[in-house]
Amino acid sequence: MSLLEHLEELRSRIIVIAIAVLLAAVAGFFLADPIIALLRAPLADTGAELIQTGVGEAFGVTIQLALVTGIAFAMPVILYEIWAFVTPGLTRPERRLVWPLLGVAVVLFAAGVALGYLLIPLAVGFLLDFSIEGVEPLLGLGDYIGFVTTFLLAFGIALQFPVILYLLTRVGILSYGFLSRRRRWVILLIALFAIVITPGDIVIGSFTLALVMYGLFEVTLQLIRLMGR
């Protein structure tokens with residue numbers, strides 16, 4: 001196809017993705033209450049309470065959760081449209097590689113979100129320990145939901161890096177020897193990335209994320225070594 005035809009195909013696939021996200025977001029809108037209840041559960045042991053500080057805050061939070069939920073529900077459609085767009089440019093071995101990696105990416109994303117959810121009580125409790133004496137911890141609904149969703153997405157996105165690392169080695173950009181000789185730089189980059197991407201909590205959240213990412217790095221490195229043979 002010509003460049004114009006490629007752009008037209010890209011536009012049509014983006015439209016399909018947008019429609020899928022919109023329809024899934026409508027479903028997410030009606031699921032906002034149970035989702036908020038699920039996100040509030042980690043606060044049970046911290047003694048903190050959620051408050052609404054603005055007239056439209058609850059509505060804004062509902063829309064935010066609907067959009068995030070819509071993206072999550074529409075992820076199969078999003079991945080399929082991306083795959084269908086890039087498939088013509090891939091060789092047969094590369095096409096066979098795509099689907100297993102997509103499956104691994106989805107599993108790692110879900111595992112990252114689950115790990116982030118388990119760490120929310122520890123992260124929130126640690127941050128609330130720095131509260132000023134005599135000041136009751138009352139958390140704004142919008143701020144808390146924003147913190148939690150960012151925290152969960154940070155863990156989900158961070159755990160995608162083994163897939164990216166493996167892809168870069170398969171296309172020849174990186175190699176086992178190159179990575180193994182630069183472990184110290186990898187540790188430094190992982191630590192900096194974990195600190196930047198985890199909101200507010202640079203002790204529990206950042207340390208745990210960095211530890212998990214380095215463990216996945218070592219596992220991926222050995223997989224690269226074995227596949228290289």
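The values are calculated or read from the model by the stated rules, or taken from the named source; none is laboratory data. Everything numeric in this text was worked out from a predicted model, so none of it was measured. Accessible surface areas use protein heavy atoms only, side chains included; no ligands, DNA or RNA. Shrake-Rupley method; radii C 1.70, N 1.55, O 1.52, S 1.80 Å.
Could you report the chain's accessible area per residue, 1.4 Å probe, as an integer in Å²?
About 60 Å² of surface per residue is accessible.
Between 19, 195, 63, where does the largest GNM mean-square fluctuation fall for the chain, given springs only between Cα atoms within less than 10 Å?
The residue with the greatest mean-square fluctuation here is 19.
Which far-off residues, 5 or more places away or on another chain, put their amide H under 5 Å from the one on residue 140, with H placed in the peptide plane?
Amide H neighbours of residue 140: 51.
Is the shape of the stretch 77-198 rounded, prolate or oblate, going by the alpha carbon gyration tensor and its root eigenvalues a ≥ b ≥ c, with a/c under 1.5 for rounded and a/b larger than b/c for prolate?
Since a/c reaches 1.5 but b/c is at least a/b, the shape of the stretch 77-198 is classed as oblate.
Let a ≥ b ≥ c be the square roots of the eigenvalues of the Cα gyration tensor of the stretch 1-83; is it rounded (a/c under 1.5), or, if not, prolate (a/b larger than b/c) or oblate?
Details: a/c = 3.68, a/b = 2.78, b/c = 1.32.
Prolate.
Classify the stretch 1-151 as rounded, prolate or oblate from the Cα gyration tensor: take a ≥ b ≥ c as the square roots of its eigenvalues, call it rounded if a/c is under 1.5, otherwise prolate when a/b beats b/c and oblate if not.
prolate
Using alpha carbon centroids, what distance separates the stretch 109-172 and the stretch 11-25, in Å?
Each part reduced to its Cα centre gives a spacing of 27 Å.
Between residue 180 and residue 133, what is 0.36 nm times their sequence separation minus the Cα-Cα distance? Round to one decimal in nm.
Working it through step by step, the gained length comes to 12.0 nm.
Using a 1.4 Å probe over the heavy atoms of the protein chains, calculate the carbon and sulfur portion of the accessible area of the stretch 150-229 as a whole percent.
Using a 1.4 Å probe with all protein chains present, the stretch 150-229 comes out at 74 percent carbon and sulfur.
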